[in-house]
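Engineer: Structure in structure tokens, see below.
The values are calculated or read from the model by the stated rules, or taken from the named source; none is laboratory data. Since the structure is predicted, the reported quantities are computational estimates derived from the model, not experimental observations. Counting neighbours? That spans all protein chains shown, and the Cβs are built from the backbone with ideal geometry, glycine included.
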Amino acid sequence: MQVQIKTPAEIDFMRESGKLLAHVFHMLDDFVKEGVSTLEINNRVEDFIRHELSARPASLGQYGYEFVLNSSINEVVCHGVPSDNQRLKAKDIVNLDITLEKNGFIADSSKMYVMSDANPIAKRLVKTTYEAMWAGIKKVKPGATLGDIGAAIQTLAESKGYSVVKEYCGHGIGREMHEEPQILHYGKAGTGMTLEEGMTFTIEPMINQGKAKTKTKKDGWTVVTADKKLSAQWEHTILVTSTGYEVLTLRDEEILQYGQS
């Protein structure tokens, strides 16, 4: 499948989906706390997307998945499955990965939530992963390469003593949740596809406290670190503009610090 360059009208639809998804995380900021189950979070998000935003939770039914989000706690790298038996504890870190479709276009984003008694090691991993995502985002502009993005993320993460998960990557997005190109979170600067205005894709590095190796649990979805050490992830949907980038899923708390290029 070829890379889909979005038209101005399609970009406007993508912007709307991204802004709505940012509203979902704003709602969750007060809802996610110790004692809440990941299934309760899932159900709250589905209700909010459907009834308050008049949109569609795009992950539900995708590849046979039965939930509207992934909830990945501590050593879970990605694709954690919500459960009524899984309640957030005071020392947990959790990634909530959510997609939303409006007017036929999809936005995809994830955010880490750090519980009140999470230890400094966990907090440092979460902070560094966030910084690595932004290091990749800031490389986005016409004429840059996919390798520039991956190299920036890998360099920052490894400089802090962490490893980058290689089995999972970012992806083009638009009418389909997964389009071309694949966005690796490691690589060599100056290599790979050249970015063009109108491309839309996700940047979503998964950074491990220990080694990069992962394994998938028997449920067929949940991916964990092989060494059982912590993992963190952040994600945004990005548009390549004429001069740089626009973060379509930018959240309110990020606007002052990061704005747009």
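Engineer: Does Lys127 satisfy the criteria of being farther than 16 Å from Glu34 by Cα and in a helix (DSSP H, G or I)?
Structural biologist: For Lys127, the condition - farther than 16 Å from Glu34 by Cα and in a helix (DSSP H, G or I) - is met.
Engineer: Given (1) more than 23 Å from Ser116 (Cα to Cα); (2) touching a residue at least 24 places away in the same chain (Cβ under 8 Å); (3) out of contact with any Pro (no Cβ under 6 Å at 6 or more places or on another chain), where does Gly61 come up short, assuming only one miss?
Structural biologist: (2)
Engineer: Determine which member of the set Gly192, Gly220 is in contact with a Pro (Cβ under 9 Å, 6 or more places away or on another chain) and among the small types (Gly, Ala, Ser).
Structural biologist: Gly192
Engineer: Could I ask something else about it? Need at least 1 residues that are at pLDDT below 95, out of contact with any Leu (no Cβ under 6 Å at 6 or more places or on another chain) and surrounded by fewer than 19 Cβ atoms within 10 Å (Cβ to Cβ) per element, so show me which strands (runs of 3 or more DSSP E) inside the stretch 211-261 make the cut, counting only ones lying wholly within it.
Structural biologist: Correct list: empty, since no element meets the threshold.
Engineer: Has the stretch 191-206 got at least one residue that is more than 23 Å from Glu66 (Cα to Cα), in contact with a Lys or Arg (Cβ under 6 Å, 6 or more places away or on another chain), β-branched (Val, Ile, Thr) and modelled with pLDDT of 95 or more?
Structural biologist: Yes - at least one qualifying residue is present in the stretch 191-206.
Engineer: Would you pick out the residues in the stretch 142-161 that are under 16 Å from Gln233 (Cβ atoms) and surrounded by 23 or more Cβ atoms within 10 Å (Cβ to Cβ)?
Structural biologist: Ile149, Gly150, Ile153, Gln154, Ala157
Engineer: Give the stretch 82-100 a look and list any residue that's polar (S, T, N, Q) and closer than 21 Å to Ala55 by Cα, or say none.
Structural biologist: Thr99 - this is the single residue of the stretch 82-100 that is polar (S, T, N, Q) and closer than 21 Å to Ala55 by Cα.
Engineer: Is the stretch 17-26 home to any residue that is exposed (fewer than 14 other Cβ atoms within 10 Å of the Cβ), under 16 Å from the mean Cα position of the chain (by Cα) and modelled with pLDDT of 95 or more?
Structural biologist: yes
Engineer: Report, by residue number, each residue of the stretch 65-97 that is crowded, with 24+ Cβ neighbours inside 10 Å and hydroxyl-bearing (Ser, Thr, Tyr).
Structural biologist: Across the stretch 65-97, the qualifying residues are Ser71, Ser72.
Engineer: (1) farther than 30 Å from Tyr162 by Cα; (2) at pLDDT 95 or above; (3) touching a strand residue (DSSP E or B) at 6+ places or on another chain (Cβ under 9 Å): which one isn't true of Thr38, the others all being true?
Structural biologist: (1)
Engineer: So which residues in the stretch 142-157 are at negative phi and outside any helix (DSSP H, G or I)?
Structural biologist: Pro142, Ala144, Thr145 - these are the residues of the stretch 142-157 that are at negative phi and outside any helix (DSSP H, G or I).
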